[in-house]
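Comments concern the structure below.
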Amino acid sequence: QESHANWFRGIKRFVLIYTHAPSSVTFHDEHTHNKIPILTIHHDKLEHSQLGRTDTQHVEDVYETELPWWRATIRARILSSVKRESQILARMQARECIRHPWLDLYFLYSSTLGTHTFFMIGLPLTFFFGYEELGRGLVIVLASGVYVASFLKDLICSPRPLVPPVTRLTIGTHHLEYGFPSTHSTNSVSMALFITGYVRRAYFQSVAISSSIYYTSCIILVIYAVTVVFGRLYTGMHSFIDCAVGVFLGVIIWGGYVIMKEAFGNWLATAHWIVPLTMIPICLLLVHYHPHPVDDCPCFEDAIAFVSVLLGIALSRWHSVYSGVDERFLSSVMPGPQGAAWTLEDTVSWWTLACAKVTIGILVIFVWRILAKSLLHLVLPPLFRLLASSFDLPHRRFYTPATDYQHMPVESSLRPIPSFIDLPGVLEVSAIRERSALGGTSEVKRRGAKSNNDSPSANGENYSGSELKNSNGSYQRKEVRHYDADVLTKVVVYAGMAILAAEGLPVTFALLGWGVKPY
């Protein structure tokens, strides 16, 4: 019985890894010194050549025992669809009339257009140049989409299409998340509808654009949404049910924004102190009640970031109206010949000033990120340990409580550079180690497993592991640790970044005489 229990713990510990590595990879158990196979397909399916039918059933039982019955039931239904659709996707990828090297590159790199990273790059600029309503709407729609999709991913814990038979192409670390629903599909559809609404208003209400620009813009937005959604199928990153539900969520979130936009804006401007007293608790509750997944999934960090940005945008709008900043500063216009013919000197001067605003604004956000993170990492752990002596503090799975560590490392899950301009992470390309139309093979990151019995490791830190291929062809385990202080740190840092971008920096530009609005 003891031997069987040890075997099952080993299977539970290592099979829960998101598997994206070659089938020949093995992991050495540090306790038994036995080699445990790490399989090439998703954590919901095992090679029958390596594990028998009974063993495969044990792996399925892991999710049934870890999840409540209603979550496990929903997951089982979606998983059956994913398994069927994986075969369809594999046959689709095998057709030469569909799969082509140029299409591989096109759909691989166009997938960045559906990420929240892509949109977050431009969000501060909308506030720097006076498009506050546009920026606030973007944040509301994106934050809602990312949070709802992340919530469902961690709630259902449904895998991406199985590998093999599917060949997967991805940029960044999106393959480390669960599959259902597709956040790319949600973001692309909601953003296409959101921008279409602005283009339509500019054409029909203000006659600011011509009919040719209007129809061209609509065609481009349709192509954009179709490219991103179909690209998730083409690259093997999502199944049909993932994308269908993602598209549905995108439509629902955009529709909800259209219905609630005016009422929410009026509430922010007229509710006075009720706004912060309501928004802050709601933000903290959304973070606290985000579902706990079976595996450590980065969805939670995305959800924290966007909920916090939405909090910061709401608080900045409330404060700018409440204090009168909105009328005195945010309506100022950048220097330039208003309504007159622009000379070359005027154009160069305007663009120089615009570049200075962007550069200084991004640098200020960088500095805030670094300083706030460092300060909070010094203050929060001792504070949590003090409170833990008198109260039972909330604890999230995979996050080490402050009572189990003394010092946080310099680099933890909250990196000094904001995620919305973390370009190196955006450009990291990985693929399943399988011959594809691109040719060649590539190593990839792999999802991590929990420590034994869900307990902290020897040094008191929870972690998830990843397998990275070295230049010599061997694999090593890379540990990723999470700390409870990181959660509140992210909330404060991202909310502060939003407040700086939406109010602090525009007011500073107005005080410097640089203006906010371009005209």
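The values are calculated or read from the model by the stated rules, or taken from the named source; none is laboratory data. Only a predicted model underlies this, so the values are computations on that prediction, with no experimental measurement involved. Quick reminder, even Gly has a Cβ in these numbers, built from the backbone with ideal geometry, and neighbours come from all protein chains shown. Note: areas computed on protein heavy atoms with side chains; ligands, DNA, RNA excluded. Shrake-Rupley method; radii C 1.70, N 1.55, O 1.52, S 1.80 Å.
Between the amide H of PHE180 and those of SER158, distances stay under 5 Å, these residues lying 5 or more places away or on another chain, with hydrogens modeled in the peptide plane. Against the criterion of solvent-accessible heavy-atom surface with a 1.4 angstrom probe, TRP342, TRP254 sort, most first, into TRP342, TRP254. On the basis of the beta-carbon distance and an R0 of 25 Å, SER81 and HIS292 show a calculated FRET efficiency of 0.55. Accessible area per residue for the range 173-253, computed on protein heavy atoms with a 1.4 Å probe, is 40 Å².
What FRET efficiency do you get for TYR519 and THR112 if R0 is 22 Å and r is their Cβ-Cβ distance, rounded to the nearest 0.05? In this case the efficiency is close to 0.10. In the range 190-230, the portion of solvent-accessible area held by carbon and sulfur atoms comes to 72 percent [1.4 Å probe, whole percent, DNA, RNA and ligands not counted]. Taking ILE219, ILE280 and ordering them by how much accessible surface each has at a 1.4 Å probe, largest first, produces ILE219, ILE280. Compared with the alpha-carbon gap, the fully stretched path from HIS395 to SER211 is longer by 60.7 nm at 0.36 nm per residue.
With the simple model of a label 7 Å out from the Cα in the direction of the Cβ, ARG91 to ILE223 spans 3.1 nm.
Between VAL348 and LEU387, the C-beta separation translates, for a Förster distance of 56 Å, into a calculated FRET efficiency of about 0.50.
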